[in-house]
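Remarks on the structure that follows.
The values are calculated or read from the model by the stated rules, or taken from the named source; none is laboratory data. Keep in mind it's a predicted model, so treat the numbers as computed, not measured. Note that each Cβ is placed from the backbone with ideal geometry, even for glycine, and that neighbours are counted across all protein chains shown. Ligands, DNA and RNA are excluded from the accessible area calculation, which covers all protein heavy atoms including side chains. Shrake-Rupley method; radii C 1.70, N 1.55, O 1.52, S 1.80 Å.
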Amino acid sequence: MHGKKLIVIAGPTAVGKTSVAIHLAEYFRCSIISADSRQIYKELTIGTAKPSPAELARVPHYFINSHSIYDPYDAARYGDEALSKINELFLQTNRVILCGGSGLYIKAVCEGFDDIPEVPGEVRDEIMDQFDKQGIGWLQEKMQQLDPEAYKLLDPQNPHRLIRALEVRMYTGESIRTFRKNEKRKHAFDISWIGLEIARKELYARIDTRMGQMIQDGLFEEAAMLYPMRHHNALQTVGYQEIFDLTDNIIDRDECLRLLKRNTRRYAKRQLTWFKKNKEFTWFHPDDVQAMIDHIEITS
């Protein structure tokens, strides 16, 4: 009898994670836990490239359409909820698949986060108000002023991370770094790390094709409905932000279309950079499903 194993499937957007996860789930007769920070929201559909209803019907999926964008949610809460579901599923099967492109969500499950204090809503509201008025430049300047060492470790283009570090600094008077202990979660199961990768040219072609399909399926119309919630963290991302800029007359439609594809390619590159830092991953072409099965079984 094999021991319990969590199969992590990760990689850049449009590489083919959904198809691979479903094939492996059917082979191992197990469920899929989505690790996507936007697919959890039932209000977001086209721009998040969710599995189709037919794909969702093939094997049990969790954390897709499971939450509302109106409810506060973050990676730490996801990590606790997803890990609870994973352990519950392990009572029925020895295999569970964790699949997605959100590196922070995968980290939340596999490693966990440090115990960073909760910050009162009014502190965040004050920061968000300034962000709305002055943009990301204000966040960058404030972080450099209040916590320059932490700022060096952050992605300066990620408003969510800047806001989180800033609110901790303003509320506690301490740097967010002082709460980081780097103690990883301990699990009663093993983890098999599967990374998916294809040639850059092929990936970019897939991204362009998918973006064209999303637009045809109604991405602009979906973004119009979500516009009132445009400051939500889940919408501060590629695929929606560009259309919001079009709505605000910051760019024209041609520039919007160009940026949708370019920024998605850049996002894919950042995802690969994140996952490549984890040396536990074994990398496969998404068509090599049998090689993945062999690897998972050999390392069991």
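Okay, here's what the table says:
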item	result
Heavy-atom accessible area ranking, 1.4 Å probe, most first, across MET170, MET214	MET170, MET214
Greater than 32 Å apart at Cα, pairs in LYS133/LYS276; LYS5/LYS261; LYS133/LYS186; LYS50/LYS152; LYS4/LYS277	LYS133/LYS276; LYS5/LYS261; LYS133/LYS186; LYS50/LYS152
Per-residue SASA entry for PHE179, accessible area with 1.4 Å probe, Å² rounded to 10	40 Å²
Per residue convex hull volume, Cα atoms of the stretch 1-124, in Å³	120 Å³
Dipole axis of the stretch 1-82 (+1 Lys, Arg; -1 Asp, Glu on Cβ), positive-most option in ALA10, TYR27, PRO60	TYR27
Within the chain, helix-based [θ] at 222 nm, where runs of 4 or more DSSP H residues each add -39,500 (n - 2.57), nearest 500	-15500 deg cm²/dmol
Filtered chymotrypsin sites (Phe, Trp or Tyr not before Pro), the stretch 26-89: DSSP coil and at most 11 other beta carbons within 10 Å	TYR70
Percent carbon-and-sulfur accessible area, the stretch 149-245, ignoring ligands, DNA and RNA, probe 1.4 Å	49 percent
Order by protection proxy (mean Cβ within 10 Å, highest first), peptides 232-240, 262-270	232-240, 262-270
Cβ charges +1 (Lys, Arg) and -1 (Asp, Glu), total dipole of the chain, debye	960 debye
Cα centre as origin, Lys/Arg/Asp/Glu Cβ charges: the stretch 56-109 dipole, Debye	260 debye
